[in-house]
Amino acid sequence: VIASAFTYTGQPARVVFGAGTKSSLRQEAERLKISRALVISTKEQAGDASSLNDILGPLAIAAFCDAKMHTPAPVTQDALSIVKDRNIDGFVAIGGGSAIGLGKALAFRTDLPQIVLPTTYAGSEMTPILGETRDGQKHTVKSASVLPETVIYDVNLTLSLPVRYSGLSGMNAIAHAVEAVYAQDRNPIMSMFAVEGIRSLAQALPTIAKDPNASPSRADALYGAMLCGMCLGSVGMSLHHKLCHVLGGTFELPHAETHTAILPHAVAYNMQDAGSELSRLAPVLDARDTATGLFDLAKRLDLPVSLKSLGMPESGISRVVELVLANPYWNPSPLEAPRLTNLLRRAYAGLSPEVAD
Ligand code: NAD
């Protein structure tokens with residue numbers, strides 16, 4: 001059986017994909033009737049942001065190059081005052097999830113259109129989800145106004161993404177697709193995207209690690225990231241994302257690294273109850289089983305696989321279990337304290353995932 005009953009809501013985003021597509025930015029802005037654009041980036045990518053001025057011409061009114069990871073509310077307030085003072089009527093974010101997050105936060109507050117030029121593989125550009133931090137707490141918003149209207153994927157913009165971060169943000173994207181295949185509201189369309197997204201990234205990332213300028217592999221990775229981002233934007237996430245959310249929030253562990261270290265173990269945890277869905281992913285990872293395939297991919301990319309190496313204290317394991325159980329996400333396998341503790345102990349030590357025969 002390929003499809004039985006399902007519900008699927010398409011996310012209305014326009015995608016322009018290719019090498020050199022950045023040059024279509026002005027045309028895309030005009031299409032959205034943007035005449036006074038605010039360009040958004042992190043400090044590190046201020047150069048990328050200013051490279052858009054020539055393309056936008058008179059449509060470039062101001063730049064805000066102070067976007068930060070996890071969209072802190074005070075930064076959004078600073079950017080919002082520019083939006084008001086300069087009469088901004090649209091946003092152009094260039095960068096990864098941090099720059100895109102700020103664009104989303106501004107669109108959420110103003111309902112103005114957004115164009116995004118992604119430069120990592122995290123997949124945030126394809127989702128109507130915004131994670132913001134206020135007074136040390138992470139708040140998640142899901143709203144149609146948050147989804148960027150237009151995404152310009154320019155492969156050339158990803159050539160400068162360091163090898164290590166290419167692998168890490170790629171694993172972050174893969175995590176979205178993995179959890180999509182066993183989501184409570186899974187559907188055959190998103191599962192198809194998930195399989196293809198993982199296939200593209202798993203094939204491309206090892207080549208990029210050897211040759212960061214390999215443009216065809218960069219294109220495949222970016223395409224994979226797009227598909228994985230669509231998965232995150234369309235269906236609910238489970239144990240893996242919950243664990244990463246708790247670990248990030250409690251110990252301020254780095255986002256993509258935490259996803260990389262947890263994913264194989266979350267998959268092994270769910271294998272018992274989502275085995276048939278997960279078995280679709282093993283062949284695209286060229287692996288015996290999906291959990292081991294993901295662990296081996298991270299190792300092959302020379303990425304950290306232990307929470308210890310990310311700075312988590314071993315004594316924090318019980319706190320994470322408590323927090324996960326206090327406010328759980330739906331998950332295919334029942335959440336049980338002893339099994340969660342075992343998962344976290346293995347991830348802490350960087351052991352391979354425990355896969356039942
Ligand atoms: P990032 O945007 O934080 O980027 C990491 C660093 O790499 C930044 O300094 C950035 O400027 C730099 N960088 C990015 N692309 C580069 C390039 N091509 N060349 C050189 N440097 C480059 O990283 P990210 O992993 O894309 O985003 C992480 C954030 O996104 C987190 O806050 C996470 O919560 C969020 N996120 C949100 C969603 C969502 O749907 N809401 C999905 C995934 C991630």
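The values are calculated or read from the model by the stated rules, or taken from the named source; none is laboratory data. This structure is a prediction, so every number in the text was calculated from the model and none was measured. Positions of Cβ are generated from backbone atoms using ideal geometry, with glycine treated the same way; all protein chains shown enter the neighbour counts. Please note that ligands, DNA and RNA were not included when accessible areas were found on the heavy atoms of the full protein model with its side chains. Shrake-Rupley method; radii C 1.70, N 1.55, O 1.52, S 1.80 Å.
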Cα-derived Rg over Rh, computed across the stretch 48-198 with Rh taken as Kirkwood radius: 0.98
Apportionment of accessible area to carbon and sulfur, the stretch 269-357, percent (1.4 Å): 47
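May I ask you to derive the relative contact order of the chain, considering only C-alpha pairs under 8 Å and at least 6 residues apart, and to give it as an integer percent?
On the way: 713 pairs, mean separation 53.6, N = 357.
It comes to 15 percent, rounded to a whole number.
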Axial C-alpha extent at least 30 Å, average Kyte-Doolittle at least -1.0 - helices from the chain (DSSP): 188-210
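Report the relative contact order of the stretch 1-140, percent, no decimals, based on alpha-carbon pairs under 8 angstrom and at least 6 residues apart. Let's see the in-between values first.
Numbers: 219 pairs, mean separation 32.1, N = 140.
Contact order relative to length: 23 percent.
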Positive-end residue, the stretch 79-144 charge dipole about Cα centroid, Cβ charges, pick of Ala107, Gly95, Gln137: Gln137
Hull volume in cubic angstrom per residue (convex hull over the Cα atoms of the stretch 243-322): 95
Label-to-label distance, nm, for residues given as Asp78 and Thr7 (7 Å Cα→Cβ offset): 4.1
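Can you tell me what the convex hull of the Cα atoms of the chain projects to on average, as an area in nm²? Don't skip to the end; give the middle numbers.
On the way: hull surface 67.2 nm².
Quarter of the Cα hull surface area: 16.8 nm².
Let's see if you can work this out: charge +1 on each Lys and Arg Cβ, -1 on each Asp and Glu Cβ, no other charges. What is the dipole magnitude of the chain about its Cα centre, in debye to the nearest 20?
Values: 30 positive and 33 negative charges, 50 e Å.
So the magnitude is around 240 debye.
Please label the shape of the stretch 187-246 as rounded, prolate or oblate, based on the square roots a ≥ b ≥ c of the eigenvalues of the alpha-carbon gyration tensor (a/c under 1.5 means rounded; beyond that, a/b larger than b/c means prolate, else oblate).
Details: a/c = 3.00, a/b = 1.67, b/c = 1.80.
Because a/c hits 1.5 or more and a/b fails to exceed b/c, the stretch 187-246 counts as oblate.
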Rounded to whole Hz, the Karplus (6.51, -1.76, 1.60) HN-Hα couplings of the stretch 139-147, x for glycine and proline: 10, 10, 10, 10, 7, 4, 5, 7, 5
The stretch 54-69 - phi-based ³J(HN,Hα) in whole Hz, Karplus 6.51/-1.76/1.60, Gly and Pro as x: 5, 6, 6, x, x, 7, 7, 9, 7, 10, 10, 10, 10, 5, 10, 4
Unit Cα scatterers, Debye sum, the stretch 164-321: log10 I(q)/I(0) for q = 0.12, 0.13, 0.17 Å⁻¹: -0.46, -0.55, -0.94
Dipole of the chain, positive direction: furthest Cα of Ser51, Ala219, Phe6, with charges on the beta-carbon: Ser51
